[in-house]
Structure formats: C-alpha cells, structure tokens
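The values are calculated or read from the model by the stated rules, or taken from the named source; none is laboratory data. Remember, it's a predicted structure, so these values are computed and weren't measured experimentally. Here the Cβ is made from the backbone with ideal geometry for all residues, glycine too, and neighbour counts use every protein chain on show. Only protein heavy atoms, including side chains, enter the accessible area calculation; ligands, DNA and RNA are left aside. Shrake-Rupley method; radii C 1.70, N 1.55, O 1.52, S 1.80 Å.
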Amino acid sequence: MPKIAGPAWILVVVAATVKLWLWHLNYFRHPGPQFFFLYLGALALLALASFSYMRLRRARPRLIAWEPRAFVGFFLLFFLFYAPLATLCSVWIGFVAFSLGRLALGDLAESTLEQLTLPLAAGLGVLSALLFVLGLARLYYRWLMLALLAAAALLFWRNARRLWELLRRADVSYAARAADPLWGLCLVFVLVCTLSSAMVALSPEIAFDPISFHFVLARDYAAGHRIVVIPHLPYSYFPQNVEMLYTLGFLLDGQATAKVLTYAFFPLAALAVALITRRWWPASPAGPLVAAALFWTTPFISWTGSVAKTDLALALNLLLALYGLVRWIETERFGWLATGVLFLGFSFSVKHVAILGAVPWAVLAAWNLRRIRLSVRQLALLAVLFAGSGLYWHTRAWILIGNPLYPEAGLSAVRSTTHSGHPELSRLERLGIYLSVPWRVHYRGWRHFESPSPSPAGVVLVAFLPLLFWGAGRQPRLARLLLLFTVAYLLYWAAVILQMRFAIAVFGVVFAYLADRLCAARRGWVLPLLGYCFLFSLGPLLIMEMNVPRLKLFARRIDREQYLRETLVSYRAIEALNRAARPGARVYAVGTCSTFYAKPEFHCYYDYLGNYPLDRITEDLRSLSYQYLLAAAFWAEPRHMHVVEHLYHPALIYHDESFRLYRLRD
C-alpha cells in the first residue's frame, strides 16, 4: 500500500463524517454557548489525555501492571460511595451466581477468561430460573431471599478462593497483553465511557421501557410475593429472566440494587467479545482488549447497557451460545455444544427476538452434525436442556392463554419490515431499502434507536471499512463460520426488526474481527484514525448519557426526587397524582407511560411517533371506570376534552407546561 494511501483515507473518512460532526456541534450550541465550549473543551482534553498517557506508559512500562488494579479499584469505590448497600448486595449475588455457574458447567472452561466469564453468565441464568420457581410458589419474601443467599454463600465458600485466584491470574495476563499502543489509546476512552455509564447505572431510572414495564413488573412481583399476570400490561406474558433479577433487587434494596446487579451484563458481554477475539482472531495479544474497547465505547451499546433494559442480557447469551457452538466444532467435545444450547435457551428466556440468533445458530449446528455424530441420548439431553433453560416462560404463557408467544404470534418472526409499512413497493425497491441499512444505521440512526443523534453507532465501522474486507478471504475455517453467522444474523435482522439494540451480539462479533484487522494492519494511520473515531463517539455518548441534572445529582447538589423532576417530564404531574389519588384509584394516561413512579393502577397510551387516535383513546376510556386522567398538554385540547366530557365530568386539579391532571366523575 503506498504511503500516501493512509493519510488520503483519513481525509476521505473526515469528509464522509463532517456533516455528522457539524450536527453534534450544533446540538451542543442549542442549550447555550457554555455547553458548546464545554463540549469542545472535553474533546481537546480527551485528545490531549490520550496522547499524553500513551507517551507516559511507553516511557514507564511498569505503569501497565497497575492499570487493571487502579481501574477496578476506582470504580468499586465509586459504586460503594454512591450506592454502598446496592453494590455490596450485587457483589454477594454475583458470587452466588458464579458458584451456581461453576456447578452447572463443571470443569469445561479452560482459560482464565473462560473460567471468569462463562460461570458468572451461566449462574445469572440459573439464578433467574430458580427465582421463577420461587415466584410461582409465592415465596418472594425479603427474609427468605437473604436466607437463601446466605446459605448459598456458606455452601460455596471455597469458590471465593478460586475466584480470587482467577482474578490474580487475569491481572498477570493483562500485563503481558496490554503494552500495545492501540490499547493505550483505547484505555483513556474506556475510562471516560465507564465513568459515564456508571453514572447512568447509579441514577434513578428514566428510560422508557424500564419505567413502563420492566420495573413495574418487578416491583409488583416483589410487593405481591409472587409472579402474576397484570392484565393491562401484556408484557407480563413475555419471557422475563432479567425481570427476575430486578425482582430480587427490589426485594433486597429497591431500584438501586436492581440496576447495579443487572449492569453486570454489560461488562460480561464485553468479556464475551474478548473471548471470541482471543480464541479465533489472535493476531495480537492486545486484540481481545481492543475488541472489548470497541464494543464498550460504542454509544448505543454503552447507553443500552447502562439503563435497565434487557438487551445486553440477550446479547451476552447469544454471544456465549455462539462461542459454545464454535468451540464444539473446534474440539468435538459434547460439553461445549451443551453449553451453547444452555445459553441459547437463556436467550429465549430474555426475549423472543433471540430467534434472530437462533436461526443461523441452528443452521451451523445442523451442518456440522454431518461431521460430528451425536447419539440419540445426547440429542435428547440437548432438547431437555434447551426446554429447561429457555421454554418455561413460553410454557407459562401457553397454560395461561393458549399461545406461548402471546401477545406476539409466530408470523412476527417472518414479517418483513418494509412490506407492512410500504405494500406498494416492488421487490427491487425493497432490496434497495435492505442494501441501504448500513448507511441508515450510521447516518440516520435516530430512526432505529432511541436517540436524537444520527450516529448512535459511532463511525468506527465506516472509518475502517477497508480493513473489514482486507484479508477476509484468508480467514481460518472457524473464523469464517463466525463471519457467516454474522452475515446471516444481519440479513434476518434487517428483514424483520431493524432496531439496533437487537443486533448488539453481532456488533460484538464484528468488533472482534475488526480488532484483529487493526492489530494486524500495523499501519501508521490506524492510531490517529481510531483516535478520531473515539472522539467522534463522545458526542452521541454525551447526548444519550449526560445532562446537567445528572451532574448535579452526583455533585450532591440535588437529591434523587429533584433529579426526576428535572429529567422526567411527567414526574411532577405524577407526584400530584400520587398526592391526590386514594387507594384503589385507576388512572388513564395519554402521552406518558411512567407507570413505575405512579402509586395508583396506571393505564396508559403512548406512541413514539406522536399518533394518538381519538377513537382508540375513547374506546379505552369506555372499557373501564377511571378516576383520573393524565393527559399531555398537546392532547388536552378542547376537541379531545369534549369527547371526555361525554363520558366523565373532568375537573382540572393540576397542570404544568407539559401535562394536565383531571379528576373524573361519572
């Protein structure tokens, strides 16, 4: 490659992303000039810090050995300072989960990284299944959870020594892998992203899904001491393995423990990416670290892993299901295939969309069954293992309502994302839409993710596009299988459900492959271009994860209630509702589904596209007797309220710039 090619490509990347840069610069101008200058200052400071630290660690290589200790120590103290009880409970539960995972997997794992990642991930799945059984038995009591966790810790106390030894070996292994300048560059940005995501994880939840149903279910399960169906929340029929861990958190210490405990899925998924890189793309000792850093610093992955969503749990289980499958193909050990099936089952216990990974996984497994024969007994064992780890939620839904996928149906797994919305399009036009998916993800990402930024995926895949194709045909067989899985997953995903958070697992595989290409390239232009990508990612990351109230919360200038008033637009109206409503009251809300923070029974209608059909809302208001109406100000106009007045006698009891609260009388 000519020497001029690298700098020329950097100029091409800058030209291709300059409009995105300008968009983010303008975004930070809108709140006020001080935010614009703060953003520019943060970019300059981060660039200077990364460059300076790379020089420092090259001049003083002994610093490298202290990096993991300083990193882990700082963030452990950070969590203990802001949420001491939640952190201690999460560490306690994590140790129990690690022990359960070791019991489930036996001595299958070989490397230090396998022995750390696989048992903890498997243990969280096993713990969720046990909590499901306790919920059916109506045994959700705080004293019982404390007793069972204490008994498990005592029973498995020998694993504490084993875990400490694994952490010590990981520390030694890090020093041997981390000298590469690529990782030196990554480390500063990983530190900044971790600080940002930790602040999100420790803040009161404001993301839509958790406060609309995830936390609502967990809170009600904990309060009622059992798993119940909530009729006005169809999600209560869905698989809920992560909600089981939320329930445990609510039983022990409330929302803080629920968030801190399940935040573990994010670093575990990053470790799974490092596992894949280390095993099948070992171009450099630093490759696994770089791959994990690319995964960790991708804005939409960072935000999704920091809020109380279930997508990182799904990604983790799919990544480890793939890892177990390819390890089986590599070693022909049945235990690895059983491990892959176990994690595949756990993925179905998190979300139905696990089907996106299950289809290419099953195709790869079936193809290799021609070469690696299994006995009937082994096949039966795999079927039992999959049913036991992945289908108990579906069995519950089938028993309750006769449809294991309710409120979904099997057709949703094959429904085209373009046909339902644009039936007039020809097949060629639909093909054009599918082919434009990479462009839309990187340049119109707000359509496929909950962010105003057009670039929630960053630009690292755009910047290093040539490396993704360089040497792709010379990959070893097992690496080609991973890439084949990735392509099949992406094609299926683009066809049926084009939401970026449902593709986190394959983003992880792509980053594993890209890290190998970056380390193998050894070109002078790689470092500055990677630094450019990290700096670019800071914009969408700050938009999604940082705001002034959050900074004030961690500076102890406001409390958690004031934080919610300043960040959750409906919170003040819900406070007024909680003050006014009597026990047993029922509320209907239009334009908000902040159900978790409401004390009365809360029914809601929300459409992220802003479509609020009057006929549908009128039908809902007629279907049950409501005592309160909470309506967004834009909806509570005379034309709509005139219809409400035919059903009830509304009296306005609270209003602000965003919402109106009415007391309803028949």
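Observations on the structure shown:
- Length-normalised contact order of region 553-602 in % [C-alpha pairs under 8 Å, at least 6 apart]: 32 percent
- The sum of -39500 (n - 2.57) across all DSSP H runs of n ≥ 4, divided by the residue count of the chain, sets its helix-only mean residue ellipticity at 222 nm to -21500 deg cm²/dmol.
- Percent carbon-and-sulfur accessible area, the chain, ignoring ligands, DNA and RNA, probe 1.4 Å: 65 percent
- Unpartnered cysteines - no second Cys beta carbon under 4.7 Å - across the chain: 89, 186, 193, 519, 533
- Put a plus charge on the Cβ of each Lys and Arg, a minus charge on the Cβ of each Asp and Glu, and nothing anywhere else: the dipole of region 569-666 about its Cα centre is then about 340 debye.
- Close amide-amide hydrogen proximity is noted between residue 654 and 661, each under 5 Å apart and 5 or more residues distant or on a separate chain (H modeled in the peptide plane; Pro and chain starts excluded).
- In degrees, nearest ten, helix 265-280 long axis to first principal axis of the chain (Cα): 30 degrees
- Centre separation in Å (Cα based) which lies between region 434-465 and region 249-287: 24 Å
- Principal-axis analysis of the Cα atoms of the chain puts helix 571-580 at an angle of about 40° to the longest axis.
- For the chain, the calculated P(r), taken from all Cα-Cα distances in 10 Å bins from zero up to the bin holding the longest distance, is 3, 14, 25, 27, 19, 9, 2, 0, 0 percent.
- A simple charge model with +1 on the Cβ of Lys and Arg, -1 on the Cβ of Asp and Glu and nothing else charged puts the dipole of region 266-345 at about 80 debye relative to its Cα centre.
- With respect to the chain, whose longest principal axis is taken over its alpha-carbon atoms, helix 33-59 is tilted by about 30°.
- Accessible surface calculations at 1.4 Å, restricted to protein heavy atoms, place the chain at 44 Å² per residue.
- A crude spin-label estimate for the pair residue 645 and residue 62, with each label 7 Å from Cα along the Cβ direction, gives 8.2 nm.
- Per residue, the average separation of C-alpha pairs within less than 8 Å and at least 6 apart gives the chain a relative contact order of 15 percent.
- Among the trypsin sites (Lys or Arg not before Pro) in region 496-545, those located in a DSSP loop and surrounded by at most 14 other Cβ atoms within 10 Å of their own Cβ are 522.
- Positive-pole candidate from 45, 89, 20, dipole of region 1-111, charges at beta carbon: 45
- Taken about its Cα centre, the chain carries a charge dipole of roughly 1700 debye when the Cβ of each Lys and Arg holds +1 and the Cβ of each Asp and Glu holds -1.
- Over region 1-137, relative contact order from alpha-carbon pairs under 8 Å, at least 6 apart, %: 14 percent
- Loop sites in region 145-205: chymotrypsin sites (Phe, Trp or Tyr not before Pro), DSSP, at most 13 other Cβ within 10 Å: 157
- Spherically averaged projected area of region 530-624 from its Cα convex hull (nm²): 9.1 nm²
- Between the residues 588, 524, 567, the greatest Cα displacement towards the positive end of the dipole of region 521-598, with unit charges on the Cβ of Lys, Arg, Asp and Glu, is found for 524.
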